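Computed from the coordinates by the stated procedures, all read-outs in this text should not be read as laboratory data. The shown structure was predicted, so the numbers you read here are calculated from the model rather than taken from an experiment. Every residue, glycine among them, receives a Cβ derived from its backbone with ideal geometry; neighbour counts consider all protein chains shown.
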Amino acid sequence: MTDADLRESLLHHLKYSFGKDPEHAHIQDWRVALSLAVRDRIVDPWFAATRATYAGKHKRVYYLSMEFLIGRLLEDAIVNLGLLETSQKVCEEVGISFEAVLANEPDAALGNGGLGRLAACFLDSLSTVACPAHGYGIRYEHGLFRQRFVDGRQVEEPETWLSGRHAWEFERPEAAFEIGFGGSVVEAGERAVWQPDERVIASAHDTPIIGWQGKWANTLRLWSAKPTRVFDLERFNRGEYAAAAEPEALARTISRVLYPDDTTEQGKMLRLKQEYFFTAASLRDILRRFLTEYDDLRKLPHKIAIQLNDTHPAIAGPELVRLLHDDKGLDFEESVDIAHACLSYTNHTLLPEALERWSEGLMGALLPRHLKLIERIDDLHARRNPTRKTSILEHDHVKMGELSFIMAHRINGVSALHTDLMKETVFAELNRLHPDRIVNETNGVTPRRWLLSCNPALSSLIDDVIESDWVGHLDRLTEIEPHIDDAAFLDRYAAAKRQNKVDLANFVRDTEGILLDPDAMYDIQIKRIHEYKRQHLNIIETIALWHEMRENPNADWTPRVKIFAGKAAPGYVFAKKIIHLINDVARTINSDPVTSKLLKVAYLPNYNVTLAERLIPAADLSEQISTAGKEASGTGNMKFALNGALTIGTLDGANVEIREHVGADNFFLFGMTAPEVVARRSVAEHAKKAIDSSPRLAEAIAAIESGAFSPGEPDRYADVADNLRWSDYFLVCSDFAAYYDKQREVDRVYQDQKTWMRMAAYNTARTGWFSSDRTIRGYMNDVWAAHSVTS
Ligand code: NBG
């Protein structure tokens, strides 16, 4: 596509799609017009992909996920279509700033954290490897809340990503299904007719997702809930205006907001409704598409693969059985076997509080037929496995993990360690019965967004060194290894990092008014706030370091900038306390003249995909310090390493594999291993013992406890100190000394910039394996038996 073509298309959309001339167009008009001009280029490859899938009768993959944390889409599409330079030029010609256009796009936060972002990276990779696929989810009106700080406290505000114009989706009013809830079940022999007493319409919105080099596009289909009838005219005519609008309000509630919790189950009826709503609509759509091509439902497993992203869509098992058995008339056992052969399930966490369970009362009230079918599925599994001890139903609850496992032919963990722990813990018994089902698919990240787009300085250096396409074949990054000993290369590598740090310093100055020295070490921890992720370990180490610096300000310190970002679930009181503490500590340290050249702390509000894209390329040190055994994988850890940040981390999640890839010498390992963690918990008063043996730690906790960071409210953190001393389930105190010592080793290495940069460059060179293209190929081979469509 030439510059002139794109310019013409841009001006055309500005004029004919929005009725604006260039003189009066606002930045939003330009952004949406450019998005439409770019979207036009996606439609042909999108149609071609669909046609090729039908023509070749290829197997299709369906990725069912409550969350897709896609972020902004314009730059992604531009980069994948190879239109970056053209777009920059055209914007310049029409007199607008390309950066401002990109920055105008809202960040679509239809997810909480790692699980949702992984789904978004997978969409990019599925299209890149030309695997015919659909993502299915919910079109939330409000994504993850917007975070603000008021006096250092987190305040949540609704996110309104749809309030400006959204350019990417095609509304499909004709693709709509009626979804029922509640009501009664009329048994007719083996089969039954479910008569729901509440109904909503699931209505589709399609976003095409173009892969690298624009060769293939898949669809993200998101459902929004609509009422079956807009309002109750009878009641309206009786003057009951609010009541008349009730059906509409109730229906729309289902796709109104994303549950802002990524590890704990809220146990709300609405949540279960959301889960059933999108799963049922997706399955109906999948069967409809299948039946346009084939008539024998027994062929289903050969033509479709359905991935359950965590247990949120677990109701897909019984729902598919219901559709096959009750609606289509297949035999019950056969229906179960067909569903089983189609379904597979990814587990993303071992935290007990995050494993979904629904009371039979709730399930029976909302999905009476499904509850019956779950009982029959459980009985069938018991009959087929007479030695089994575990069951789906327990203490009047339906365990969604067990249901997913039993209904799936493959269950995967998301890192090698997590998969092993899954076999040993939550699914030990089911793994004994079905030893071939659990497989590992270590997570990955898309290099398009997480290197090429977010880090142009480093990408252009790599371009100069590797001539072939490394973005689509990320393992080729190893080709930079021979250059690492070349001084000119390493200087350019260091210059790219410095450029990114300067950019970030400018951003933090403009947004937060905090001045950061680009020569200081940028030490970054960004992720959801959770006790197991141990942001409090990091801030306590910061306090201890500050104390030492104050005592001895003229020692040979390595200047550091500690950057935090992340949201806490609104109901997670302790996590919100940690945020408050970090902000209090930041205010205190940043105003200390003694250490002002040595240490700064910044907590950046409203962490989202866009902020991550800015922070990761500027990082020197990546904090991956979870209690071993708790972080299933992590994906931020991969993004940092790829962009040349060194990791300080525990042997947890994918850190283990990152360390294996980059080499132990290029990774700062500390802390207890997963088995040591388990052993340590049984030591009486483990935290107190650790505190007693570390004066530094004792002093830091005492400072928190005495109100040194909250003078107006000295006992603000009494409960935090109490928790650390007497409970400390996540072993902050027991890992503190190892962490502190490792940080001082980090300081020493950083002082030798040449060594540091070499280590950083090895991280970039050796983390190509963590491309989500590799992960997706793994799923295609091991889980889906699906193939790329080659032209
Ligand atoms: C998260 C894990 C992360 C992992 C992502 C993606 C949930 C429930 N789990 O460690 O905590 O990287 O999933 O697999 O969000």
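Summed over all non-identical Cα pairs, the Kirkwood treatment of the range 593-658 gives a radius of 13.2 Å. All C-alpha pair distances within the range 184-248, sorted into 5 Å bins from zero, spread as 4, 14, 11, 11, 11, 12, 12, 9, 8, 5, 3, 1 percent across the bins. Helical content alone sets the calculated 222 nm signal of the chain at -14000 deg cm²/dmol, taking -39,500 (n - 2.57) per DSSP H segment of four or more residues and averaging over every residue.
Starting from the exponent 0.38 and prefactor 2.2 Å, build the expected Rg for the range 480-559 from its residue count and divide its actual Cα Rg by it. Let's see the in-between values first.
On the way: Rg = 16.7 Å, N = 80, 2.2 N^0.38 = 11.6 Å.
Relative to the rule-of-thumb radius for its length, the range 480-559 sits at 1.43.
Using 0.36 nm per residue of separation minus the Cα-Cα distance, give me the extension gain between HIS395 and LYS688 in nm, one decimal. Write down the numbers at each step before the final one.
Details: separation 293, 0.36 × 293 = 105.48 nm, distance 3.72 nm.
Going from the current span to full extension adds 101.8 nm.
Sequence-ordered 3J(HN,Hα) estimates for the range 105-119 from the Karplus curve with 6.51, -1.76 and 1.60 and θ = phi - 60° stand at 6, x, 8, 6, 9, 8, x, 8, x, x, 4, x, 5, 4, 4 Hz, glycine and proline given as x. Principal axis analysis of the Cα atoms in the range 693-791 yields extents of 68, 39, 28 Å, listed in decreasing size. Dimensions of the chain from C-alpha coordinates, computed as largest minus smallest value along each principal axis and given longest first, are 84, 71, 63 Å. Peptides 435-441, 133-139, 71-77 ranked from most to least packed by the mean count of surrounding Cβ atoms within 10 Å: 133-139, 71-77, 435-441. Between helix 753-766 and the chain there is an angle of about 20 degrees, using the helix long axis and the longest principal axis of the Cα atoms.
Were the residues from ASN781 through ARG172 laid out at 0.36 nm apart, the gain over their Cα-Cα distance would be 216.0 nm. Shape annotation for the range 636-756: C-alpha extents along the principal axes are 44, 34, 25 Å, from largest to smallest. Per-residue 3J(HN,Hα) values for the range 204-219, derived from phi via the Karplus relation 6.51 cos²θ - 1.76 cosθ + 1.60 with θ = phi - 60°, read 8, 10, 10, 10, x, 10, 8, x, 4, 6, x, 8, 8, 9, 9, 10 Hz in sequence order (x marks Gly and Pro).
Relative to its residue count, the range 47-122 spans a Cα convex hull of 119 Å³ per residue. Taking every DSSP beta bridge that has both ends in the chain, the antiparallel portion is near 45%. Measure nothing but the geometry: give the 0 to 90° angle between the long axis through the Cα atoms of 332-342 and the longest principal axis through the Cα atoms of the chain, rounded to 10°. Once rounded, one gets 40 degrees. Comparing Cα centroids, the range 667-684 and the range 411-464 end up 23 angstrom apart.
Semi-axes of the equivalent ellipsoid of the range 518-599 are 26, 12, 10 Å, computed as sqrt(5λ) over the eigenvalues of the C-alpha gyration tensor in descending order.
Computed across the range 332-472, the Kirkwood radius stands at 17.8 Å (inverse of mean 1/r, all Cα pairs).
Take the convex hull of the alpha carbons in the range 387-531; its mean projected area over all directions comes to 14.5 nm². Note on the range 259-329: Rg/Rh from Cα positions, Kirkwood definition for Rh, rounded to two decimals, is 1.04. Scanning residues 5 or more positions from TRP216 or on other chains, those with amide H under 5 Å from its amide H are GLY211, with H placed 1.01 Å from N in the peptide plane.
Based on alpha carbons, the Rg and Dmax found for the range 750-791 are 17.3, 52 Å. Here the Karplus relation 6.51 cos²θ - 1.76 cosθ + 1.60, evaluated at θ = phi - 60°, turns the backbone of the range 300-306 into coupling constants of 3, x, 7, 10, 9, 10, 10 Hz, with x for every Gly and Pro. Cα centroid separation, the range 109-184 to the range 473-538: 29 Å.
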